[in-house]
Each structure stands twice: as structure tokens, then as C-alpha cells.
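> Dropping a structure here in C-alpha cells format, bear with me for questions.
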Amino acid sequence: MDISHTSWPFFEESHREFAAKFSKWCGAAFGPRTRGTDVSSVEKHEHDARATDEYQRSRKIVKALGEAGWLRNCVIAPHGGSREKLDVRTLCLSRETLAFCDGLADFAFAMQGLGAGPVSIFGTEAQRAKYLPRVASGEWVAAFALSEEAAGSDPSAMAVSAAKDGSDYVLSGEKMWISNAGIADFYSVFARTGEGPGTKGISAFVVGADANGLTVPERIEVISPHPLGKVRFDGVRVSAEALVGKPGEGFKVAMGTLDVFRSTVAAAALGFARRALHESIAHANSREVFGQKLCEFQMTQDKIADMATEVDASALLVYRSAWLKDSGADRITRESSMAKYYATEAAQRVIDKAVQLFGGRGVVSGEVVERLYRDIRPLRIYEGTSEIQKVVIARQTLR
Ligand code: CAA
């Protein structure tokens, strides 16, 4: 992957060194993913299984990333992490690079960070000591359980409850669209504890997947396969030690975590778009049509110019947001929403142009641009739809 943007002033020398090393490692572990040779070293004995079981493959990727030490960037020091605070630029560079190579690898990495995010950012020392080193080593897989069937864009409408019983809490209800449902070792769960209405009466918990009464009643198949499903809580009893943050402040835990990770979704979109541009350049320079190279037609150049500009504009928004957070900003709500909104929408346009440049090949199953076309679509929806990002940006701007 072209990492020349790491010379921008948003980055420090440590980021440049990281990007060079990590993209080399990813190139060896996951690439090249092209038709016919779509097998990475992480999965070389698993080629046939991959199509049928993304669940297994996802766990293997987490293990490989953990063993190589890259998941240390998903948690904080001294609990297995590489730094005392999550470094958003490193998280973004990681996701950009992984998405360039392999959508499932990006997903597996991202969920370690997001699932453990509430514990990293708001957890007690005991929670950090218990969960984070295992997330960093790849031994434990993490998940973030916020959404419900009737509470996606509006999590304040959630119905999953956590009733106080002595010093314990008893969780009941069902979460939906939960990434890593079924393979996670623990879940960051948001539930209504009733201290107040709407956003005020929600608390955050960290719950082991082996808790009595916790089940995964359904897996959900999606266009870009990854582990996803429903998680049910039938009277799941947890002690007060499972509370993350203060009772009634779970909404702030959720939003504060999303503030950090929304920029990384934008970075993943940037990685997909960068890959589409990379494939398009190679194709346009080699494909002959009407007796000349595809790249010699102005209509091709028009597309390449739009794609390159949107890739750079996305990168500027992504790394501005990440740099701001790393520089000590308390909230980057506006900047991370702008990055997520723009980069995911732009990546969809960039990839669509790549498919058009590839013509018939662009829609053949297994082609890189065909895979990217499916991989990018969920990013305009998860961790806050484009419409929600616009609500957030408009509110912040009007304020
Ligand atoms: N950081 C800290 N606190 C925040 C915050 C932030 N980024 N955003 C809001 N808050 C606080 C506010 O300050 C406010 O506190 P006070 O009442 O003390 O002032 C409180 O939270 C409520 O805020 P709002 O009044 O703005 O809340 P709202 O109900 O109007 O919601 C929203 C705002 C931005 C639309 C929010 O509901 C939202 O972000 N929705 C999208 C949810 C989402 O991203 N879902 C995705 C699920 S996770 C996922 O997708 C993971 C996956 O699968 C991979």
C-alpha cells in the first residue's frame, strides 16, 4: 500500500515506522488477494473452509494479529497495550492497511478495539487487568453490544434491562446486529438500569460469553461475510464489578467509545478506496481498448482524477480527526463524524468507478473490485449511519 501520506504533519516518526512495518507484515500475511490466488498465509490450509466459515477464519486472524503483537495497539498500557492512551492515528493506520488487504482482517482487528474500548477508556483497573492483556494477545475475542432490533440509530430507545437485585444486576432482553456474536469471549453490553429516562437510565457492563443465560439464538448472513448475530440475555446475573463507568452513565460510555472508533471506520473505508484506486491504475495502464490503453481516454482520466481526489480528501479528514484526539481533545464528535460520513460515502463512489473501469470483470465473484463493492456497503450503516453523522455534524455546527 502507498503510505506516502504518512509524511503529512499529522504524523510522528513512530507512525511512519509503524506504517512501513505493518504494511509489510500485512502484505505477507494477507496479500496479494487477487482472483485465483485468493489465499493468505494466515489461512493457507483453510482455503475451502473460508467460504463457509468466516467465524473460524476471524478467530484465526485475531490469533495471528495477537501473536505478531499488532493487537497491542487496540488496548492501553500497562495492560498489554503499547501506549497509555489509545493512539487513534495508529488505530486508523492499522485499519486503513488491513482494509486495503482484507476486509475480514480489518473487521477482526477493529472489533478487538471497539469491544474492549469501554474497558480501556472507562473501566476499573481490575477490569483492565482481567480483559485487556487477553485482547492484546488474541486469546480473547471482544464484542460491543449496543444495538437492538428497535434501537439502532437511537440507542436511547433500548429495551434490554439490567435490574438491580441486591448488589447484583440481572440482564434480560435481546441485542441485534452484534459483530462477533457467537465467537466473542466477552461482550461490552449496554442495558437500561432506569436511573432516568432515555439516555440517562443506561449503564454499561462487561459480561463473559460463558455467563449463565447468555445465548446466541441466531447468526445473521450479510453481503460481506463476517461473524454477526443476535445475543440473548435470559436473566443473566452479574455482580456490580461488571459495571463499566457509573450507573446511569452508560450512554456516555457508548458515545465516548464511538467518538474514538468512528474515525477508524473512516480509515477502513479509506483503505478500501485506496485499494480500488490501486487496482484501477494497474488496470487502466495495461488494458487495451479501441487500439489504445484505457488510461489514454479522457473518460478514464476523469474517473481516476475523481478517485484520487476523494481518497486524499478522505485521508485528510480521517487523520485530522485522529491527530486532534491524540493531541488531547476531550471530544472529537464533529471531526470523527465528518470523517466517517465523508470517507464511507466517498469510498462507495470510488469503488463504484473502479467496478465500471473493470467492465464485465468488475462484477465477477472473486475479483478484488467486486469484493470491495460488497465490503464497503455496511460501513455507511454501522457505528452510526451517514444520516446520523449528518445529524451530529449539523448539531455541532449550528451550536
Ligand atoms: N461523548 C461523550 N458524551 C456524549 C457524546 C460523546 N460523543 N455524545 C453525546 N454525549 C452525551 C451528551 O453530552 C448528553 O449528556 P448530557 O445529557 O449530560 O448533556 C448525552 O450523551 C445525550 O446526548 P444527546 O442528547 O446528544 O443524545 P441523543 O439521544 O440525541 O443521541 C445521537 C444522539 C448522536 C443521534 C446518538 O444516538 C447516536 O450516535 N446514534 C447512533 C448510534 C450508533 O452509532 N449505533 C451504532 C451501534 S455500534 C455498532 O454499529 C458496532 C458494530 O456493529 C460494529
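The values are calculated or read from the model by the stated rules, or taken from the named source; none is laboratory data. Just so it is clear, the structure is predicted and the values come from calculations on it, not from any experiment. For neighbour counting, all protein chains shown are included, and Cβ atoms are generated from backbone atoms with ideal geometry for every residue, glycine included. Ligands, DNA and RNA are stripped out before the accessible areas are found, and what is left, the full protein with its side chains, is counted by its heavy atoms. Shrake-Rupley method; radii C 1.70, N 1.55, O 1.52, S 1.80 Å.
> Over the C-alpha atoms of the chain, what are the Rg and the largest Cα-to-Cα span, Dmax, in Å?
Calculated on Cα positions, Rg and Dmax stand at 21.0, 80 Å.
> Using R₀ = 35 Å, calculate the FRET efficiency as 1/(1 + (r/R₀)^6) where r is the Cβ-Cβ separation of ALA394 and THR124; round to 0.05.
Working: r = 36 Å, r/R0 = 1.04.
Calculated transfer efficiency: 0.45.
> Moving on to the next point. Which whole-number value in Å² is the accessible area per residue of region 281-351, probe 1.4 Å? List each step's numbers first, then the result.
On the way: 3500 Å² over 71 residues.
Counting only protein heavy atoms, the per-residue value for region 281-351 is 49 Å².
> Please give the charge dipole size of region 218-273, origin at the Cα centre, charges +1 on K and R Cβ atoms and -1 on D and E Cβ atoms. Round to the nearest 20 debye. Before the final figure, lay out the partial values.
Numbers: 7 positive and 6 negative charges, 12 e Å.
For region 218-273, the charge dipole is close to 60 debye.
> Where in the chain are the helices, taken as whole DSSP H runs, whose Cα atoms extend 24 angstrom or more along the long axis and whose Kyte-Doolittle mean reaches at least 1.0?
In the chain, the long hydrophobic H runs are 103-122.
> Please report the carbon-and-sulfur percent of the accessible area for region 296-399; probe 1.4 Å, protein heavy atoms only, DNA, RNA and ligands left out.
Numbers: 2750 of 5030 Å².
The nonpolar share, carbon plus sulfur, comes to 55 percent.
> Shifting gears a bit: Based on the mean of other beta carbon atoms within 10 Å per residue, what is the order of 89-99, 276-286, 53-63, 323-333, most packed first? Write out the running numbers ahead of the final one.
Details: 89-99: 28.3, 276-286: 18.3, 53-63: 20.0, 323-333: 16.5.
In descending order of packing, they fall as 89-99, 53-63, 276-286, 323-333.
> Whole number please: convex hull volume per residue of the Cα set in region 251-398, in Å³? Provide the component values of the computation, followed by the final result.
Working: hull volume 16.3 nm³, N = 148.
Convex hull of Cα atoms, per residue: 110 Å³.
> May I ask you to derive the FRET efficiency for ASN212 and ASP53 from their Cβ-Cβ distance with R0 = 25 Å, giving the value to the nearest 0.05?
Details: r = 27 Å, r/R0 = 1.08.
According to the calculation, E is roughly 0.40.
> Which order do the peptides 108-118, 232-242, 308-318 take when ranked by the mean count of other beta-carbon atoms within 10 Å per residue, highest first? Spell out each step's value before the answer.
On the way: 108-118: 27.2, 232-242: 17.1, 308-318: 20.0.
Answer by packing, highest mean first, reads 108-118, 308-318, 232-242.
> Per 0.36 nm of contour for each residue apart, how much would the distance between ASP302 and ALA159 grow if the chain were fully extended, relative to their Cα-Cα spacing? Walk me through the numbers before you get to the answer.
Details: separation 143, 0.36 × 143 = 51.48 nm, distance 4.94 nm.
Gain on extension, ASP302 to ALA159, equals 46.5 nm.
> A further question follows. Any idea how far the Cα center of region 111-128 sits from the one of region 343-399, in Å?
Comparing the Cα centres of region 111-128 and region 343-399, I get a distance of 29 Å.
> For the chain, what does the helix formula give at 222 nm: sum of -39500 (n - 2.57) over DSSP H segments with n ≥ 4, over the residue count, nearest 500 deg cm²/dmol? Numbers along the way, then the final one.
On the way: 11 runs with 199 residues, N = 399.
Dividing the helical sum by the residues of the chain leaves -17000 deg cm²/dmol.
> Right, here's the next one. Say the cut-off is 27 Å between C-alpha atoms; which of LYS85/LYS230; LYS246/LYS325; LYS63/LYS200; LYS63/LYS252; LYS21/LYS353; LYS24/LYS303 go over it?
Details: LYS85/LYS230 31 Å; LYS246/LYS325 23 Å; LYS63/LYS200 38 Å; LYS63/LYS252 31 Å; LYS21/LYS353 30 Å; LYS24/LYS303 29 Å.
Exceeds cut-off: LYS85/LYS230; LYS63/LYS200; LYS63/LYS252; LYS21/LYS353; LYS24/LYS303.
> Collect residues whose amide H, placed 1.01 Å from N in the peptide plane, falls under 5 Å from the amide H of VAL244; neighbours closer than 5 in sequence don't count.
Counting only residues 5 or more places away or on other chains, the set is ALA204, PHE205, VAL206.
> Can I ask one more? First check a/c for region 153-287, with a ≥ b ≥ c the square roots of the eigenvalues of its C-alpha gyration tensor; if it is under 1.5, answer rounded, and if not, answer prolate when a/b is larger than b/c or oblate otherwise.
The shape class here is prolate.
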